[in-house]
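A.B. asks: Supplied in structure tokens, the structure appears directly below.
The values are calculated or read from the model by the stated rules, or taken from the named source; none is laboratory data. Keep in mind the model is a prediction, meaning the values are calculated, not measured. For neighbour counting, all protein chains shown are included, and Cβ atoms are generated from backbone atoms with ideal geometry for every residue, glycine included. With ligands, DNA and RNA removed, areas are computed over all heavy atoms of the protein, side chains included. Shrake-Rupley method; radii C 1.70, N 1.55, O 1.52, S 1.80 Å.
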Amino acid sequence: MQQYEPDPLSRAQLAAMRRSLRNGRAALTRRSLLRASAGGALAAGGLGALSGCGIPPASKTQGVSSEDHSAKEKEINFSNWTEYMDVDESEKHHPTLDAFTKRTGIKVKYTEDINDNVEFFGKIKPQLAAGQDTGRDLICVTDWLAARLIRFGWVQKLDPSNLPHAYANLSSQFRSPDWDPGRAYSYPWTGISTVIAFNKKALDGEKVSSVSDMLDNPKLKGRVGFLSEMRDSIGMTMLDMGKDPGKFTDDDFDATVARLQKAVDKGQIRRFTGNDYTSDLTKGDLAACLAWAGDVVQLKADNPDVDFVIPDSGYLTSTDNLLVPNKARHKTNAERLIDYYYEPGPAAQLAAYINYVCPVDGVRAELAKIDEDAANNPLIIPDKAMAAKSNAFRSLTPKEETAYEEKFAKLTGA
């Protein structure tokens, strides 16, 4: 079998990974979590986790099924991130999982053993590469890693007949990512959006409704923050420049970097940050910044001066996604669990607890019964107008990943 030898990570890519693990998406809590960025991990096919013998070439593999034991073995092994599931007051039980078991008789062995995409991939890579069962029927990973698993042929194609609610209720903004058109292999668990946050007191009457306002208003000089995650800062600026982060060229990327570099050179941008922007925004050291929606939900609840705006040009949303690994013993049971979380009731219970973007249409009325504020929060339940402004950053080739992270590192001084 031909071996897959990944390109080594560049110095800039390794630095991006460390930033993400230290104070970026990978370091965030339940309500401000988007995981390790693609720039810092496997997007370039690196970290050594993909190296070694026996890993098949990505272009010559397909998802591998095995005998499905779902009918006889009423169980599911589900690996997820910490604090990414509803819990009761005792914090010992997961009400939605318990209700699923009561309804179906299928017991869910729920394990919170994902702390980081890279680390988790290292756990399951040997079995996947060898064509063996990972011991997991369902996993939840961020979109860039989901894309790689699909590309390597290490996850199974889902059976639409087992997913009637998922198919019917999946929000349109999440229906067809470029890495899984039509959601043949994955369904989103949650979405997380990048928006503009601001401190009303610090703005002192100035208006911020766009990235241009942040970059060009001299009264905000030195009080503007951008994110150290390349996709967020570049993608939001691309949108402001009228470019599509889902279809951009090398020239578009370079023009966007130049736009940000100009703001860096004149001192408009205070710094590029991970989630540590939250303290600066709360104190007013930052008047405006790019921010992750999960943070904003919490900050608004704690500080009336903090608010957010969705630019007319649009915003970015990424996803954590459910997939069934190759050789999983209980594929049908796993599909039934995916479908369960696309019913409005269970979806509402989950959204009320974790406060991420809910990817399920028709959930608002159910969520209002639990938490009316959450139901009316567009960062949790986007309305049609907001959902229409959602954009995804396109998948990158290993060559693009290396080049773009190098350029972004120079821009941020990383």
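A.B. asks: Where the second residue is part of a loop (DSSP other than H, G, I, E, B) and open to solvent by 50 Å² or more (accessible area, probe 1.4 Å) and the first is touching a residue at least 60 places away in the same chain (Cβ under 8 Å) and among the charged types (D, E, K, R) and lies in region 166-187, which pairs have Cβ atoms under 8 Å and are six or more apart or on separate chains?
C.D. replies: Within 8 Å, the pairs are 178/392.
Yes/no per residue for (1) in contact with a Phe, Trp or Tyr (Cβ under 9 Å, 6 or more places away or on another chain); (2) surrounded by 19 or more Cβ atoms within 10 Å (Cβ to Cβ):
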site	(1), (2)
137	yes, yes
154	no, yes
166	yes, yes
191	yes, yes
199	no, yes
204	no, no
209	no, no
213	no, yes
219	no, no
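A.B. asks: Would you please list the contacts, defined by Cβ atoms under 6 Å and residues six or more apart or on different chains, that run from a residue in region 232-245 that is part of a loop (DSSP other than H, G, I, E, B) to a residue that is open to solvent by 10 Å² or more (accessible area, probe 1.4 Å)?
C.D. replies: Here the result reads 243/252; 245/391; 245/393, each pair linking region 232-245 to a residue that is open to solvent by 10 Å² or more (accessible area, probe 1.4 Å).
A.B. asks: Out of all the residues in region 358-390, which are open to solvent by 40 Å² or more (accessible area, probe 1.4 Å) and outside any loop (DSSP other than H, G, I, E, B)?
C.D. replies: 364, 365, 366, 368, 369, 370, 372, 373, 384, 385, 388
A.B. asks: Taking the options 110, 84, name whichever one is more than 30 Å from residue 401 (Cα to Cα), surrounded by fewer than 20 Cβ atoms within 10 Å (Cβ to Cβ) and aromatic (Phe, Trp, Tyr).
C.D. replies: Numbers: 84 fails: more than 30 Å from residue 401 (Cα to Cα).
Just a single option satisfies the conditions, and that option is 110.
A.B. asks: Same structure again: Out of everything in region 305-359 that is at pLDDT 95 or above and of a type in the set (Ser, Thr, Tyr), what residue ends up being nearest to residue 87 (Cα to Cα)?
C.D. replies: The extreme case among them is 341.
A.B. asks: Take the residues of region 229-254 that are open to solvent by less than 10 Å² (accessible area, probe 1.4 Å) and hydroxyl-bearing (Ser, Thr, Tyr): which is farthest from residue 193 (Cα to Cα)?
C.D. replies: Of everything passing the filter in region 229-254, 237 is farthest from residue 193 (Cα to Cα).
A.B. asks: Is one or more of the residues making up region 137-154 in contact with a strand residue (DSSP E or B) (Cβ under 6 Å, 6 or more places away or on another chain), farther than 21 Å from residue 318 by Cβ, at pLDDT 95 or above and not hydroxyl-bearing (Ser, Thr, Tyr)?
C.D. replies: yes
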